[in-house]
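Participant: Got a structure here, written out as structure tokens. Questions coming.
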């Protein structure tokens, strides 16, 4: 492989502030540092500016949308734009992310023949998404299906009712560098995209309010929430109401924070509540890190401190109460604030598990070999993959016709 001419394309829905977008940024940085060319295609967002120097980013309107929202003519035009971008940029391999970038890339394979893999960064993408299920089943046959954890794999199999054999590769997280000049402050931090699958934030706010109202020892603490999304206004109104009732700002919604400013928030906090990449970043700072849930049955509770259970190396979010004992956010926070020894032990457990299981360079070195494998598999099975993905096109046309009927009769 001539790495100077080797180009990897990440096709992802958006580059807003979130774990999936940080995942893309971290991968791009390592690849560019190791003399690969990198292209990112998305609908844009605040995190485009944080892509490392040397990354080519192209904004493509519609890449995050399902094919069913397009008319036939619109979808053909959209696919032609995507095809032109990929061919003009001489892309060697594509890493397609959930949900709909995967669908669009698969629909173009017969025209571009560019090797690609399906990389699932959120298992919730399979809810009410039959097209993704079909493509996953087909690509799994060729070993071109990837996910992040065994727990994610188990959840996907449960939702899809498929027997799958994914390549499981952990999140490549670039640890936050320790800054001895940053002093600790009294606040609990949560960083997330404020969307429906991060609804735990609402329950965290409510529990923190109860702690503050009932316990004098918490009067110096605040809850700091970083992130933006379609729940921001609702959560902001809740925070305003609580702050007004108590006569001071104990809950702060900071919106989008990036770069060194965000790193300082991680370094200064007393403890962290969250999931996924943000949870791992907090662990890299040796912070006690409460694991949150992102399903209706799990998002109301705290599910332990990451690193204290041997299973945690494969768990960065809770999607099922299986094998876990929940407590309220209130009790979990109290256990840390009321005991220095508890805070230190939980923080030490977090950074120990992070260091043992999430080495950035090792994970990206593995991905380097995986990109070679993806190309080899696609070349050896080109005709078979082409046939599989050609047969998958009919569900798109079928669902589009159903949509037209529903719209016509206003069902």
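The values are calculated or read from the model by the stated rules, or taken from the named source; none is laboratory data. Remember, predicted model here, so these are calculated numbers, not experimental data. So basically every Cβ, Gly included, is an ideal-geometry build from the backbone, and we count neighbours across all protein chains shown.
Participant: Go over the candidates 214, 254, 161, 219 one by one and state the one that is within 30 Å of residue 124 (Cβ to Cβ), free of Cβ contacts under 8 Å to residues at least 12 places away in the same chain and surrounded by fewer than 21 Cβ atoms within 10 Å (Cβ to Cβ).
Facilitator: 161
Participant: Follow-up question, since we're still on this one. What is the one condition in (1) over 23 Å from residue 212 (Cβ atoms); (2) under 22 Å from the mean Cα position of the chain (by Cα) that residue 308 does not satisfy?
Facilitator: Failing condition for residue 308: (2).
Participant: What residue, among those in the range 5-25 that are under 14 Å from residue 122 (Cα atoms) and modelled with pLDDT under 90, is farthest from the chain's Cα centre (by Cα)?
Facilitator: So, considering only residues that are under 14 Å from residue 122 (Cα atoms) and modelled with pLDDT under 90, the one farthest from the chain's Cα centre (by Cα) is 18.
Participant: A further question follows. Can you pull out the residues in the range 255-297 that are assigned to a strand (DSSP E or B) and within 18 Å of residue 314 (Cα to Cα)?
Facilitator: Within the range 255-297, 273, 274, 289, 290, 291, 293 meet the criteria.
Participant: Only residues in the range 227-245 that are over 22 Å from residue 21 (Cα atoms) count as the first member; pair them with residues that are at pLDDT 95 or above and surrounded by fewer than 18 Cβ atoms within 10 Å (Cβ to Cβ), Cβ under 6 angstrom, at least 6 apart or cross-chain, and list the lot.
Facilitator: Within 6 Å, the pairs are 243/249.
Participant: Being under 18 Å from residue 291 (Cβ atoms), surrounded by fewer than 19 Cβ atoms within 10 Å (Cβ to Cβ) and at pLDDT 95 or above narrows it down to one residue among 150, 170; which is it?
Facilitator: One residue alone meets the criteria, 170.
Participant: Residue check: is residue 125 part of a helix (DSSP H, G or I) and outside the structural domain of residue 352 (by TED's automatic domain parsing)?
Facilitator: Yes; evaluated as a whole, the condition is true for this residue.
Participant: Go through 410, 390 for me and flag whichever is over 29 Å from the mean Cα position of the chain (by Cα), modelled with pLDDT under 95 and on the phi > 0 side of the Ramachandran plot.
Facilitator: The match here is 410.
Participant: Looking at this structure, is residue 328 more than 18 Å from the chain's Cα centre (by Cα) and over 26 Å from residue 22 (Cβ atoms)?
Facilitator: Criteria met by residue 328.
Participant: Take the residues of the range 318-342 that are in a helix (DSSP H, G or I) and touching a strand residue (DSSP E or B) at 6+ places or on another chain (Cβ under 7 Å): which is surrounded by the fewest Cβ atoms within 10 Å (Cβ to Cβ)?
Facilitator: 336
Participant: So, residue 90, is that one more than 30 Å from residue 155 (Cβ to Cβ), in a helix (DSSP H, G or I) and not assigned by TED's automatic domain parsing to the domain that holds residue 318 or not?
Facilitator: no
Participant: Here's a check for you: in the range 61-87, which residue that is part of a loop (DSSP other than H, G, I, E, B) and modelled with pLDDT of 95 or more is farthest from residue 9 (Cα to Cα)?
Facilitator: 65
Participant: Go through (1) free of Cβ contacts under 8 Å to residues at least 12 places away in the same chain; (2) surrounded by 15 or more Cβ atoms within 10 Å (Cβ to Cβ) and name the single condition residue 73 misses.
Facilitator: So residue 73 meets the others, but not (2).
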